[in-house]
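K.L.:
Take a look at this one; I'll ask things after.
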Amino acid sequence: LWLNDYLETYNIPYIASSKAALDNESDKNKAKKLIIKAKVKTADFFITTPKEHQNESSIPISFPLFIKPVKGGDSRGIDANSIVYNFSSFKKKVLEIKKKYNLSSLVETYLSGREYSVGIFQDSIDGSLRAMPVEIIIKKNINGHCILDFNVKKNDEETVIAVTDIKIFNKLSKLAKNSFKALGAKSLGRIDIKMNHLGVPYFMEANLMPGLRTGYFYRSCMLNLDMNYDDMIYSIANTGLSSHKLN
């Protein structure tokens with residue numbers, strides 16, 4: 001039994017999105033397909049398992065590639081070896097994900113630009129969306145790459161800052177709002193975005209039930225709305241419970 005579905009059936013207000021939207025978000029393959037259908041930019045990708053692609057010529061997109069589990073949050077399965085430049089490294093990472101997590105791999109074009117997360121609040125009165133972008137700055141790893149991997153998140157090694165460039169702010173906000181809508185989300189969420197080497201933003205993934213501690217969603221509220229923790233919790237409750245009548 002999914003609590004949100006039960007509450008939806010009996011028209012009882014609840015916080016965050018429906019099970020259908022959460023399913024859209026949790027399966028990164030499904031999420032990216034919905035994003036593409038909505039004409040939102042996301043990196044070229046394919047799904048694979050060990051031995052599915054037998055040689056380099058069978059890979060449909062060019063190296064370098066970024067490889068991660070098709071499901072799961074908190075950057076699990078992402079590490080210094082997630083960026084691959086050759087077929088040997090590709091096979092090794094795909095096999096590791098299958099053995100460790102028993103999951104297929106999502107393989108996408110590696111984007112080398114800046115990393116962002118955009119908190120989203122849905123207005124409880126008219127359903128409009130408010131975007132709260134922040135930039136995530138990560139130190140270079142042993143390979144010289146800036147990767148928001150599992151250990152970086154676990155050890156809180158990243159720096160989160162406000163987005164002050166209005167053009168970038170607006171681009172991120174538009175992409176995040178369109179992604180939120182494409183996934184069928186409600187109430188609140190977080191959209192992760194990365195730029196390519198030319199500074200073009202792309203949808204990476206979403207979290208429609210963001211953590212309620214002092215993670216990226218809280219920091220997006222704090223840096224954009226000057227909102228303290230108690231006010232964030234109140235806003236989440238108010239937005240989630242009031243916006244139910246909009247659906």
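The values are calculated or read from the model by the stated rules, or taken from the named source; none is laboratory data. Note that the structure is predicted; figures quoted are calculated from it, not measured. A quick note on method: Cβ atoms are made from the backbone with ideal geometry, for glycine too, and the neighbour counts reach across all protein chains shown. Just so you know, the surface numbers come from the protein's heavy atoms only, side chains and all, with ligands and any DNA or RNA stripped out. Shrake-Rupley method; radii C 1.70, N 1.55, O 1.52, S 1.80 Å.
K.L.:
Can you confirm whether the stretch 159-178 contains a residue that is over 16 Å from Glu115 (Cα atoms) and in contact with a helix residue (DSSP H, G or I) (Cβ under 9 Å, 6 or more places away or on another chain)?
P.N.:
yes
K.L.:
Among the residues of the stretch 30-57, which ones are of a type in the set (S, T, N, Q) and either at pLDDT 95 or above or part of a loop (DSSP other than H, G, I, E, B) (or both)?
P.N.:
Within the stretch 30-57, Thr42, Thr48, Thr49, Gln54, Asn55 qualify.
K.L.:
In contact with a strand residue (DSSP E or B) (Cβ under 7 Å, 6 or more places away or on another chain), surrounded by 20 or more Cβ atoms within 10 Å (Cβ to Cβ) and either of a type in the set (D, E, K, R) or free of Cβ contacts under 8 Å to residues at least 40 places away in the same chain (or both) - does that describe any residue in the stretch 178-191?
P.N.:
Scanning the stretch 178-191 turns up at least one residue that is in contact with a strand residue (DSSP E or B) (Cβ under 7 Å, 6 or more places away or on another chain), surrounded by 20 or more Cβ atoms within 10 Å (Cβ to Cβ) and either of a type in the set (D, E, K, R) or free of Cβ contacts under 8 Å to residues at least 40 places away in the same chain (or both).
K.L.:
Do you know which residues across the stretch 192-231 are charged (D, E, K, R) and either surrounded by fewer than 18 Cβ atoms within 10 Å (Cβ to Cβ) or not in a helix (DSSP H, G or I) (or both)?
P.N.:
If the condition is that a residue be charged (D, E, K, R) and either surrounded by fewer than 18 Cβ atoms within 10 Å (Cβ to Cβ) or not in a helix (DSSP H, G or I) (or both), then Asp192, Lys194, Glu205, Arg213, Asp226, Asp230, Asp231 are the ones that fit.
K.L.:
Of all residues in the stretch 48-60, how many are exposed (fewer than 14 other Cβ atoms within 10 Å of the Cβ) and either out of contact with any Asp or Glu (no Cβ under 9 Å at 6 or more places or on another chain) or β-branched (Val, Ile, Thr) (or both)?
P.N.:
Counting residues in the stretch 48-60 that are exposed (fewer than 14 other Cβ atoms within 10 Å of the Cβ) and either out of contact with any Asp or Glu (no Cβ under 9 Å at 6 or more places or on another chain) or β-branched (Val, Ile, Thr) (or both) gives 6.
K.L.:
Let me ask you something else. Which of the strands (runs of 3 or more DSSP E) found entirely inside the stretch 85-168 contain at least 3 residues meeting this: touching a Gly at 6+ places or on another chain (Cβ under 9 Å)?
P.N.:
By residue number, 115-122, 129-137.
K.L.:
Take the stretch 125-142 and flag every residue that is open to solvent by 70 Å² or more (accessible area, probe 1.4 Å) and in contact with a Cys (Cβ under 9 Å, 6 or more places away or on another chain).
P.N.:
Hits for the stretch 125-142 are Ile137, Lys139, Lys140.
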